[in-house]
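Notes for the one structure printed next.
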Amino acid sequence: MSMLEFEEVIKDKVVDERQIQQESKKEIIGSIVPKRGHTLYEINLKEHTIEPAEFEDQSVPFKQVSEKPTSKGLGLQTNKNGSKKIVLDGLPSVRKVLIRKKNCIYISALNYKNVKKKLIKRGVIKIVKK
């Protein structure tokens with residue numbers, strides 16, 4: 001009888017590990033402008049919580065005024081449709097940007113009680129009466 005010999009061939013796996021840096025692109029999904037006196041609420045669908053939404057301030061660089069500003073820094077800016085508006089020269093404007101979270105929806109309402117009413121109406125939550 002002849003003995004067969006088996007050799008294990010172990011190949012080192014060559015893994016090409018490259019760190020691809022993806023630039024975070026902010027896309028405008030939409031805008032929510034709450035009515036006067038309303039609050040924007042954040043509803044987490046996994047944890048089943050309702051909290052006021054969080055915002056961050058973002059400064060937007062201001063375009064230079066097309067016409068000569070006065071000594072107080074005020075100037076006129078002409079819009080595309082030809083209307084003019086008085087603006088401050090060179091000052092950045094600040095706008096609030098919503099901090100979006102995963103598995104959350106956002107609803108504008110007067111108070112917490114109205115948020116629950118809107119969620120029931122939309123069918124997001126169900127209330128069982130015993």
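The values are calculated or read from the model by the stated rules, or taken from the named source; none is laboratory data. Just so it is clear, the structure is predicted and the values come from calculations on it, not from any experiment. Positions of Cβ are generated from backbone atoms using ideal geometry, with glycine treated the same way; all protein chains shown enter the neighbour counts.
Residue pairs whose Cβ atoms lie under 6 Å apart, separated by 6 or more positions or on different chains, with the first residue in region 100-128 and under 22 Å from S31 (Cα atoms) and the second of a type in the set (D, E), are C104/E42; Y106/E42.
Taken across region 44-54, residues that are exposed (fewer than 14 other Cβ atoms within 10 Å of the Cβ), among the polar types (S, T, N, Q), touching a Lys or Arg at 6+ places or on another chain (Cβ under 8 Å) and at pLDDT 65 or above do not occur at all. Residues satisfying the criterion are present in region 58-68 (criterion: loosely packed, with under 11 Cβ neighbours inside 10 Å, at pLDDT below 75, hydroxyl-bearing (S, T, Y) and assigned to a strand (DSSP E or B)).
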